[in-house]
Structure formats: structure tokens, C-alpha cells
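Laboratory data are not the source of any read-out in this text; all were calculated from the coordinates shown. None of these values were measured; they are calculated from a predicted model. Here the Cβ positions follow ideal geometry from the backbone for every residue, glycine too, while neighbour counts run over all protein chains shown.
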Amino acid sequence: MIWLDVLVQGILLGGLYALFAAGLSLVFGIMRLVNLAHGDLIVLAAFVILLIVATTGLDPFLAALIAAGWLLQRLVLNRVLGRDILPPLLVTFGLSVALQNGMLEAFSADSRRLRVGALESASIGFGPVTVGTLPLLTFASAVVAIFVLNRIFYTTALGRAFRAVSDDPTTASLMGLNPRSVFAIATGLAMVIVTLAALYLGMRSNFDPSIGPARLLYAFQAVIIGGLGSLWGTLAGGAIIGVAQTLGAQINPEWQILAGHIAFLVVLLIRPRGLFPRAVD
Amino acid sequence: MALLSTHALTAQYGQFKALFGVDLHIDPGECVAIIGANGAGKTTLMRAITGVLKNAPEMIRLGGEPIGALPPDRILQRGIAMVPEGRKLFPSLTVEENLLIGGQVRRGSGRWSLDDIYRLFPILKDRRHSPGTALSGGQQQMVAIGRALMSNPELLLCDEISLGLAPVVIRDIYAALPAIRATGAAVILVEQDITRALSVADRVYCMMEGRVTLTAPAGQVTREAIHAAYFGAAA
Ligand SMILES: Nc1ncnc2c1ncn2[C@@H]1O[C@H](COP(=O)(O)OP(=O)(O)OP(=O)(O)O)[C@@H](O)[C@H]1O
Ligand SMILES: [Mg+2]
């Protein structure tokens, strides 16, 4: 039964990685921009939630909403007003370094956590396996987030604009769309997902200013395994890494991270374009 | 007053000058053809009018107002829609979504609806859930025209809509022109097929090496005049 337990815990852990990955995938899919600061933005959002909770005593879930609104405003404005001079990849790398150093200055290197009382240790039994309520909630949130993003992408006018601008910004502008505004909205949406990811990151484990790049790596691996452009693929990718890590840790706690990387390489060897690559390219 | 006019319009790609002071105008409801050899600057002129290439504000006027410095999305909102060279359908969108995106920023009370487009090009209705790029060249051209019409333009710019299509297909596409003009829209047709251009347009401009070399009512222009304007007087 231990292996069934490992499988279930791993899949649930994958929900967290899928949340890390969904925002990254969204930004890459629409703007063709690999955001190297994605992991650091998640950590920053976690600190912002912590700050809001500390100063107002609000519930973290409510704080997460406020933080989402704030980050959305900041980053959307920046994108609309700022003019990129350096290639975007370098810009996001610079942003990553700046965020880590800025957070170190502002919040010190101490580990923090978002406290949610009894929820932290609550669990539910399903026959032979017992699962933590929080991991279950994380996974459910990932499924809901991906479902909603897919609906937006494929059934709304906004999603149509996302796809058109991603295909061909110049022709999209001839159709009356302003690519910069569309990108700003996409960034805002990604920031909502980032904040959701930050909420679960902060509730489930300790965090400090240096852990962003590792979250970026897991997110990146989940996106690649799933196949570029497929959000459900990203969830599957997250689950594969989650299962591999849980399995590795079961055999030897030091193998947890390594097992995730190995799973990533194995999938890429078998399916170089990921599990569910987009048909049109 | 002219609907649209250009005034000593210039354009360049980096160091390379592509337009050298183009003056042209089109009246409301008029149909004007622009002909010229490859590289004459016809597409560049369309890019300048639609705001893809930036100009001085006074170089282009719409209903008397300077619009030369507006970005493409604002130009569309002012009532100028483009059927770009090479169709440029969005590959991630179905036929119907391509049409809808053209109407996303609609002006006025909607002369063109999805159903109107499907009446104009019935074949598109059967293919409406296919990816835009899965269609034949002629069908794709119909989508590109329908997409532009969905914004209810006052001026429709068509860049080489017959390029690479079989004569029967070209005939089908040109058959839509009267319905488009019946809405009162003015049309600029960039066309390599001179006979076709002269048969449908009210007036014709000929361009050569970034300049207008001939302006004439389509009914009165002679073969010799076009030949001279097309290839240069010395030819
Ligand atoms: N993106 C670009 N960068 C640099 N030069 C360009 C670019 N586009 C066009 N040109 C040059 O500008 C000139 C005018 O080109 P343009 O495409 O406007 O001609 P055209 O009349 O539309 O030709 P065609 O009939 O082949 O479509 C040509 O010399 C062309 O090489
Ligand atoms: Mg051209």
C-alpha cells in the first residue's frame, strides 16, 4: 500500500508544481517570453501575503486576493509604460537577480511561513490512503485554475485576442487590437495565478528569498514535459515530477530532487516535444 | 471632401527609402486601383496608411483630420480596414474566430454581421470550425476579406487579393465587390492584374519606384500610358 500512497502524494504535490507552471506557461504561450523571474515573483508574492497578514491580521486567502490586485496593477502598469531596451530574456534575468537581492534586503534570509492553524495538519482518509487537506486543496485549486484558464483561452473574446496577438502581433493590430494592452492583461492574469501559487507555497513549506530559481526549474520542467501550449499537459507534467520526487524521497530522502530531474530527462528522451504538444506550430 | 488623402507621403525601412512623396486621394464610396510592378511600393503605401509604418501626422488625412501618426488599432477604429498581402490569417483561430476577431472592435451599428459574411461567401459557413489555415488559398482570401469587413469599414484596403489564385477563384472573389461597395464603403485595390483592376475601378493610380507615375479615370486610360507609367518612359 506504500506505493499507492507514494503515487497519491506525488500527484497531489504535482498540483503545486502545476500552479507554479501555469503562470509561466501563460506568459510564454502569449508573449513568447521565458520569464526567468517567475519563481522569484512567486516568492515575492508569498512575502507580500505575509506582510498583509502581519499588518492587518487578515486571513491568508483574503490577503492573497489583495496581493493579486496589487501585483497586477504594478506589473501591468510597468509593462504598458516601460519600454524594453534589452532583449526580454535578459530583462527577466535581471529582474530575477534584483528581486532576490531586494527581498533579502527587505525581509532578511530567514525562513518564513504562512500560518493557517489547524489546516496545516488536517487530513482526510480515503480507504487505505490518508491525504493532507492542504495538498488536496492545492491540487483542486490547480485543476480549477487550469480549467478556468482554458475556458478563457478557448471560449472568450479575450482568449481569441490572446491567441491572435500571439500568432501575429502586427496583423492583430490591424484588427484593432493593441498588442501591448493584450500583453498587459495576460501579465495580470499570470500574476493572479502567481499569487495563488504563492499562497500554497507559503502555507505548505518554509520559504526565503533564495528559493525562487528552484521553483522556476520545477515549473519549467512541468511545462516542457506536458508539451508547450497545453495547460492540462502542464498538470500532467507537474504530477509526473511530483510522483518522481515522492518516489525518490521514499527510497532515499536525498534523492528527491534528483529523481524529478531524471523523470524530466526520461520523458524528453521518449517524447522530445512533451506529452501533449500543440498541433499547430 | 476626399475621404482619405496622402500629402507628400514618404516611408522608409531603416536607411532604405521606399516612398518618395506620394499624393493620392479617394472619395467616399469610390473604388480606386493601385497598380505597379513588384517592389514599386504598393504594400509600403498600405502599411503607411494603416499605421504599421509611422508618419508625420499631416502626411495622411481622413475626412480632413490628420491621422498619419496614429497606431494601427486606432486607424481601424477610424474606419479603415485592411486585407493584408498574403492573407495573414491567424493559424490558432478557426475560420469563424478569424471573422469574429475582425469584428471585435466594431464601429457603428453593424452593416456586416457573421451571417452577412456567410451570405457573401457561403462556402465559409461549411468550414467555419476549421482552422483558418486549413482552407484553400481562395477560401483563405475570402476569410481575410470577411475579417476586414466585420469592422464595418468606411474604407477597405485590399492588397493583391488575386495573388496566386486560379482565374475562376479570382472571379468568385471579385463577385463580392459590388455587395461591398453597396454598403457605401470606398475600396482601394492593389492589383497586379491590370485588366481586372481597370474593369472594376473608377480610377487608377500607377506606381513605380516609390512614386505615383499615372493617375487617370479607369475608362480613359490607354495601354501606352500604362506601359510608360509601369516600366518608365524610356522603356
Ligand atoms: N520590411 C522591409 N524591409 C526592407 N525593405 C523593404 C521591406 N518591405 C519592402 N521593402 C522594400 O521596399 C520596396 C517597396 O516594397 P513593397 O513591398 O512596398 O512593394 P510592392 O509594390 O508591394 O511589391 P509587390 O508587388 O511585390 O508586392 C522594395 O524595394 C522592397 O524591397
Ligand atoms: Mg506588395
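Scan the range B:5-20 for residues that are near ligand 1 (Cβ under 10 Å from one of its atoms) and surrounded by fewer than 17 Cβ atoms within 10 Å (Cβ to Cβ) and jot them down.
Once the filter is applied, which keeps residues that are near ligand 1 (Cβ under 10 Å from one of its atoms) and surrounded by fewer than 17 Cβ atoms within 10 Å (Cβ to Cβ), the range B:5-20 yields B:Q12, B:Y13, B:G14, B:Q15, B:F16, B:K17.
Residue under question is B:G137, and the condition is that it be more than 26 Å from B:H25 (Cβ to Cβ) and within 12 Å of another protein chain (Cβ to nearest Cβ); does it hold?
Judged against the criteria, B:G137 is not a match.
B:Q192 is checked against (1) crowded, with 18+ Cβ neighbours inside 10 Å; (2) within 12 Å of ligand 1 (Cβ to nearest atom) and fails just one. What number does that condition carry?
(1)
Restricting attention to the range B:36-87, and to residues there that are acidic (D, E) and closer than 21 Å to A:D168 by Cα, which single residue is nearest to ligand 2 (Cβ to nearest atom)?
B:E85
Tell me, yes or no, whether the range B:108-117 has at least one residue that is surrounded by 24 or more Cβ atoms within 10 Å (Cβ to Cβ), within 14 Å of chain A (Cβ to nearest Cβ) and in a helix (DSSP H, G or I).
No, the range B:108-117 contains no residue that is surrounded by 24 or more Cβ atoms within 10 Å (Cβ to Cβ), within 14 Å of chain A (Cβ to nearest Cβ) and in a helix (DSSP H, G or I).
For A:G176, state whether it is facing chain B (nearest Cβ under 7 Å) and farther than 19 Å from A:M31 by Cβ.
So A:G176 fits the description; yes.
Which of the residues spanning the range B:52-99 are facing chain A (nearest Cβ under 8 Å), outside any helix (DSSP H, G or I) and within 16 Å of ligand 1 (Cβ to nearest atom)?
Across the range B:52-99, the qualifying residues are B:V52, B:M82, B:P84, B:K88.
I need the full set of residues from the range A:115-136 which are surrounded by 14 or more Cβ atoms within 10 Å (Cβ to Cβ) and without any contact (Cβ under 8 Å) to a residue 60 or more places away in the chain, in order please.
A:T133 - this is the single residue of the range A:115-136 that is surrounded by 14 or more Cβ atoms within 10 Å (Cβ to Cβ) and without any contact (Cβ under 8 Å) to a residue 60 or more places away in the chain.
Is it fair to say B:G103 is within 12 Å of chain A (Cβ to nearest Cβ) and more than 21 Å from B:V190 (Cα to Cα)?
When the stated conditions are applied, B:G103 passes them.
Go over the candidates B:A179, B:A197 one by one and state the one that is more than 14 Å from chain A (Cβ to nearest Cβ), within 16 Å of ligand 1 (Cβ to nearest atom), aliphatic (A, V, I, L, M) and assigned to a helix (DSSP H, G or I).
That would be B:A197, the only listed residue that is more than 14 Å from chain A (Cβ to nearest Cβ), within 16 Å of ligand 1 (Cβ to nearest atom), aliphatic (A, V, I, L, M) and assigned to a helix (DSSP H, G or I).
Residue check: is A:A142 of a type outside the set (V, I, T), more than 10 Å from chain B (Cβ to nearest Cβ) and crowded, with 16+ Cβ neighbours inside 10 Å?
Answer is yes for this residue.
Residue check: is B:D172 more than 22 Å from B:R74 (Cα to Cα) and either within 16 Å of ligand 2 (Cβ to nearest atom) or away from every other protein chain (no Cβ under 14 Å) (or both)?
Spelling it out, B:D172 is indeed more than 22 Å from B:R74 (Cα to Cα) and either within 16 Å of ligand 2 (Cβ to nearest atom) or away from every other protein chain (no Cβ under 14 Å) (or both).
Can B:L19 be described as more than 24 Å from B:R181 (Cα to Cα), within 14 Å of ligand 2 (Cβ to nearest atom) and not in a loop (DSSP other than H, G, I, E, B)?
Yes.
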